[in-house]
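Notes follow once the structure below has been shown.
Just so it is clear, none of the values below were taken in a lab; they were calculated from the coordinates. Because the structure is a prediction, the values reported are computed rather than measured. No Cβ is skipped: glycine too gets one built from the backbone with ideal geometry, and neighbour counts run over all protein chains shown.
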Amino acid sequence: MRRRAIVVALGIAAALLTGCASPTPTPAVSAAATPARPLTDLETLSDPRAYEGASTAVLPHAAIDPVDESPTQTLPTTVLSHDLQGASEVTVSDTSRVVAMDLSGSLAATVWGLGFGGSLVGRDVSTTFPGVEDLPVVTTGGHTVSSEAVIALRPTLVITDGSIGPRDVVEQLRDVGIPVVFVANEPSFAGAQQLARDVAAVFGAQASGEALAERIGAEVERVRADIAAVAPAAEGDRLRMVFLYLRGTAGVYYLFGEESGADEIIRALGGVDVAGELGWDGMRPLTDEAMVAANPDLILVMTGGLDSVGGVDGLLTAKPAIAITAAGAHRRFVDMEDGQILSFGPRSAEVLEALARAVYAPAAS
């Protein structure tokens, strides 16, 4: 229920800000052109809490590598769809034209990671990885689904998680004969693994789903181990972090708490999840009192969100309470592309590693 509240609030915020989220994909950067040294080989900060200045987390290459170029399918297949009124069975017999859409772009990324990228015929505004540049966008006003746009693409399958809608409109796509499958999508690393299995089941390709899930898990564990080697070991030396969702032109300022996905990222970064420490659930409007009580050492934000408030200077001017926190005093903000920072999926480990570089080795980020 908490996650659903987050989804609804984010959808409202996005609708208020139709011009802020750009549907233009991030251009691919060759991994060979920007070789990434392991985090443990970089010159990391001896005292992360004393560092001053903002940094940006950047993926060394934004492309998603499929776990299988030619996945084996067994169709038709029948799967459970988590509809609004309860679980129902949906039979999938054709996956040649697929629309996979959700708030964070994780579903399309998972489809691509499984090796079914060629079946995608449309995308949501958050799906911005290389290879989807020419796909029509089926969401409007932020993250509202245009049923007409979806129907015009003649999809043989729609996969979603209920995070964009209106949900009843998405369910009504079945009225014109389109199979629609709602999958669970937990914003966590374990959730990314389960999503790989669940989406693969919709495609009748369970083996590919298990392979992708195992790859995600192994890569995340490797990055966690690298972070543990460079992050402060003592509890009192660890960075106290919060995640702020910012949409300045719409006057939207939220603190993300437990079960938002931000808590998972912060703990994996070796930081102290201040929201969890204070017992904050879901997301809450930012107040001066809440920010002063949190007093974070570092604040995570989306790049587009930070831009929408005029950068660090604009944010500190608009919200003086942030300026008096340790993060504000040290201008310690880490931003990352909107469609990446909370996108749990095939790139989970890469996103986590990019954030870790920005936190612990900002000169190399």
Give me log10 I(q)/I(0) at q = 0.15 Å⁻¹ for region 118-257, Debye formula, one equal scatterer per alpha-carbon, no solvent. -1.00
Kindly point out which whole DSSP H helices in the chain project their C-alpha atoms 30 angstrom or further along the helix axis while averaging a Kyte-Doolittle hydropathy of -1.0 or above. 206-230
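Under a point-charge model restricted to the Cβ atoms of Lys and Arg (+1) and Asp and Glu (-1), what is the dipole moment magnitude of the chain relative to its Cα centre, in debye to the nearest 20? Intermediate values should be presented prior to the final figure.
Numbers: 24 positive and 45 negative charges, 76 e Å.
For this selection, approximately 360 debye.
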Checked against the positive end of the charge dipole of the chain (+1 on Cβ of Lys and Arg, -1 on Cβ of Asp and Glu, about the Cα centre), the farthest of VAL132, LEU352, LEU45 is VAL132
Would you kindly state how much longer the chain becomes between GLU214 and GLU43 on full extension, computed as 0.36 nm times their sequence separation minus their alpha carbon distance, in nm to one decimal? 58.5 nm
Search the structure for amide H atoms under 5 Å from the amide H of VAL252, placed 1.01 Å from N in the peptide plane, and list their residues when 5 or more places away or on another chain. ARG247
Okay, helix-only estimate at 222 nm for the chain: each DSSP H run of n ≥ 4 adds -39500 (n - 2.57), divide by all residues, round to 500 deg cm²/dmol; what do you get? -10000 deg cm²/dmol
Taking 7 Å along the Cα-to-C-beta vector as the label spot, tell me the ALA228-SER146 distance in nanometres, rounded to one decimal. 4.9 nm
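Within 10 Å, count the other beta carbons around each residue, average over each peptide in 348-360, 243-255, 223-235, 175-187, and list them highest first. Write down the numbers at each step before the final one.
On the way: 348-360: 24.2, 243-255: 20.6, 223-235: 15.4, 175-187: 17.9.
So the peptides 348-360, 243-255, 223-235, 175-187, ranked by packing, come out 348-360, 243-255, 175-187, 223-235.
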FRET efficiency, ALA184 to ALA318 (Cβ-Cβ, R0 30 Å, nearest 0.05): 0.25
Name the long-range amide H neighbours of MET283: under 5 Å, sequence gap of 5 or more, or other chain; modelled H, no Pro or chain starts. GLY257
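Largest first and in whole Å, what are the equivalent-ellipsoid semi-axes of region 131-176 based on the Cα gyration tensor, each being the root of 5 times an eigenvalue?
Values: eigenvalues 54, 37, 19 Å².
So the three semi-axes of region 131-176 are 16, 14, 10 Å.
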How far apart, in nanometres, would the label points at THR74 and ASP175 be if each is projected 7 angstrom from Cα along the Cα-to-Cβ direction? 3.6 nm
Charges only on Cβ, +1 for Lys and Arg, -1 for Asp and Glu: so what's the dipole of region 190-340 about the Cα centre, in debye to the nearest 20? 240 debye
